[in-house]
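Peer 1: One structure, pasted below without further comment.
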Amino acid sequence: MTTTTAPAILSRRQINLIVGGLVVGMFLAALDQMIVSTAIRTIGDDLSGLTLQAWVITAYMVAATLSTPLYGKLSDIYGRKPLYVISLSLFILGSVLCGSATDMYELAAYRGIQGLGGGGLMALALIILADILSPRERTKYQAAFFAVWGVASVLGPVLGGFFAGAGSILGIAGWRWIFLINVPLGAIAMAVIVRTLHIPRTSKFVKIDYWGVVTLIAALVPMLLVVEQGREWGWTSPLVLSLMALSAAGVAGFIVAERAAGNDALLPGRMFANKTFSVSTGINFIMGFAMFGGLAGLPLYLQIGKGMSPTAAGLAMLPFTFGILVMATVTATAIRKTGRYKWMPIFGTATLVVAGIFLSTMRADSSLWHLSIGAALFGMGLGSIMQPIMLAVQNAVDPRDIGTGSASVMFFRQIGGSLGTAVFLSILFSSVASDIDYEFEVTAQTDEYQAAVADPAIMANPLNAAVAAAIAQGSLEGTGQAGLSLDDTSFINDLHPAFAQPFQEGFADAITRVLLISALIVLFAFGLAWLMPELPLREKSGLESIADEDAALSEPPA
């Protein structure tokens, strides 16, 4: 049963005010995602847990993933605005807590709270936009949303690098301001949202799929624990095998729970009968898996492989930002003028494959032009996929399912991102030690290294001496006695170039291997993109379509 408590048609002024409020909230969530990635090395080093960075990244993404479909359901019952205010409040609270974290596990837990809010900020913005605008008209406002992502992509890495590079600001460690800056921004966003977000409320009476939530947690969390910690615990250890069994049981329980919940399920089975929806969720899952996995490595390549400061690394990622912004603008304009969108995911996935392969050929001494071209291609690929996929789903599903459909598409992208980040960082840190050991052998034969070892002034540095001993032994384990650890890679900056080179090349090799794997995985998304149907775009918004349906049902039979 559905009741409409306000007219479905909004004035242009109302729409502009609503979009303005959504833009502020979108900027907050977008900035947070961009600002953390550049500074994660500094954060990990300061909290002595760089190898645990996957926990920090995946905690946010898992929380956002689990909450995204719930926001869609709850907003159907209680309205979009109350849920949006709740999500923004959780995001601000999580930001305050993150700024006070004392270790990586604590930071990961607080990032989870942030993620509970971030999932709503992103999902509800897209759902509200679909409520008030037709698919074709919606493209007129995409420029504002993509401008937000573009500005956040530029400011995020630069601010992340600035704060990470600052020793302290107002007596607080610089990197902590990466989270604390969200508090004043969040207060501004809250004021704008409360004042402007007034839309007709269409209340749909549904049940919350609590068993779906419980079983989904049981499926995802053990799986991520295995991926993240399997290399430490042992892939065949009783603990890992138990967690794998629990995850499998969670998957089976989730399927049973979703069937039992029917139309009230977090992921209603009937949605997958829609070919556009099923193909789009597959593309989004693969894209999320490869995208977040690949992107997690680029800041590390710049800061460790090339020895750049966090600020310089942020600036070096600008081509990636411009790639997203350019193609997002091109695709939005093309959809508005032609109504065609199928070619965009095909082009985008193909571009991501090319970008990943191109970036995988980098070494520590590669030119920045190499990175810039690859990063720009990577951004162009993403900019060609994200919005067209969402628009296709919102256009294809029943108007009453726009909230569920939109949240589900984001849900699969976030699941892919959570798994991709954990898997690729696990691959990276599982292989980097052997890559460094190999580079030790190569370095030992170079004239530069031999000259450095023979120089008493250089060898007076205990860090250089420790690395020289490890190179002579042929194993990274030799540095452990000197207290050097990949959990805190800041020591690399204090090494003579001859001794830093094997670490830089080793990390570069491990990171580019991850990029190559991510490119190969995107090939599956490229194949799926060809299967996407291309339907004519609707001319009415979701609220207008529902109002028309209600009017038709209320008319007496002829």
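The values are calculated or read from the model by the stated rules, or taken from the named source; none is laboratory data. The structure displayed is predicted, hence computed values, not measured ones. Don't worry about glycine lacking a Cβ; one is built from the backbone with ideal geometry, like all the others, and counts go over all protein chains shown.
Peer 1: Report, by residue number, each residue of region 348-387 that is in contact with a Gly (Cβ under 8 Å, 6 or more places away or on another chain) and over 18 Å from Leu516 (Cα atoms).
Peer 2: Residues satisfying the conditions are Gly383, Ser384, Ile385.
Peer 1: Let me ask another. When you go through Leu47, Leu31, Leu17 one by one, which is the residue that is among the aliphatic types (A, V, I, L, M), crowded, with 23+ Cβ neighbours inside 10 Å, farther than 16 Å from Ser309 by Cα and modelled with pLDDT of 75 or more?
Peer 2: It is Leu31.
Peer 1: Search region 87-127 for residues being among the β-branched types (Val, Ile, Thr) and in contact with a helix residue (DSSP H, G or I) (Cβ under 7 Å, 6 or more places away or on another chain), and hand back the single one that is farthest from Trp55 (Cα to Cα).
Peer 2: Ile127
Peer 1: Hey, any hits in region 77-94 for a residue that's of a type in the set (Phe, Trp, Tyr), within 22 Å of Trp175 (Cβ to Cβ) and part of a helix (DSSP H, G or I)?
Peer 2: yes
Peer 1: Quick check on Thr404: is it modelled with pLDDT of 85 or more and under 38 Å from the mean Cα position of the chain (by Cα)?
Peer 2: Spelling it out, it is not the case that Thr404 is modelled with pLDDT of 85 or more and under 38 Å from the mean Cα position of the chain (by Cα).
Peer 1: Output the residues belonging to region 378-420 that are touching a Phe, Trp or Tyr at 6+ places or on another chain (Cβ under 7 Å) and under 20 Å from Leu133 (Cα atoms).
Peer 2: Selection gives Pro388, Leu391, Ala392, Val393, Ala396, Val397, Gly405, Ala407.
Peer 1: Take the residues in region 128-155 that are at pLDDT below 75, touching a helix residue (DSSP H, G or I) at 6+ places or on another chain (Cβ under 7 Å) and of a type in the set (D, E, K, R), then tell me which one is surrounded by the fewest Cβ atoms within 10 Å (Cβ to Cβ).
Peer 2: This residue is Lys140.
Peer 1: Against the conditions (1) closer than 15 Å to Met327 by Cα; (2) touching a residue at least 24 places away in the same chain (Cβ under 8 Å); (3) surrounded by fewer than 17 Cβ atoms within 10 Å (Cβ to Cβ), where does Trp343 fall short? Just the number, please.
Peer 2: (2)
Peer 1: Tell me which residues, restricted to region 470-514, are at pLDDT 85 or above and among the small types (Gly, Ala, Ser).
Peer 2: Ala498, Ala500, Gly506, Ala508, Ala510 - these are the residues of region 470-514 that are at pLDDT 85 or above and among the small types (Gly, Ala, Ser).
Peer 1: Also, I was wondering about something else. So in region 65-90, with the set limited to residues that are among the basic types (Lys, Arg) and either within 23 Å of the chain's Cα centre (by Cα) or under 17 Å from Gly186 (Cβ atoms) (or both), which one is surrounded by the most Cβ atoms within 10 Å (Cβ to Cβ)?
Peer 2: Lys73
Peer 1: Scan region 337-360 and tell me whether some residue there is at positive phi and out of contact with any Cys (no Cβ under 7 Å at 6 or more places or on another chain).
Peer 2: The answer is yes; a qualifying residue exists.
Peer 1: Continuing with this model, one more query. Give all pairs with beta carbons closer than 7 Å in which a residue from region 414-436 that is closer than 27 Å to Ile471 by Cα and in contact (Cβ under 8 Å) with a residue 24 or more places away in the chain meets a residue that is part of a helix (DSSP H, G or I) and of a type in the set (Phe, Trp, Tyr); count only pairs at least 6 apart in sequence or on separate chains.
Peer 2: Between residues of region 414-436 that are closer than 27 Å to Ile471 by Cα and in contact (Cβ under 8 Å) with a residue 24 or more places away in the chain and residues that are part of a helix (DSSP H, G or I) and of a type in the set (Phe, Trp, Tyr), the close pairs are Val432/Phe507; Ile436/Phe503.
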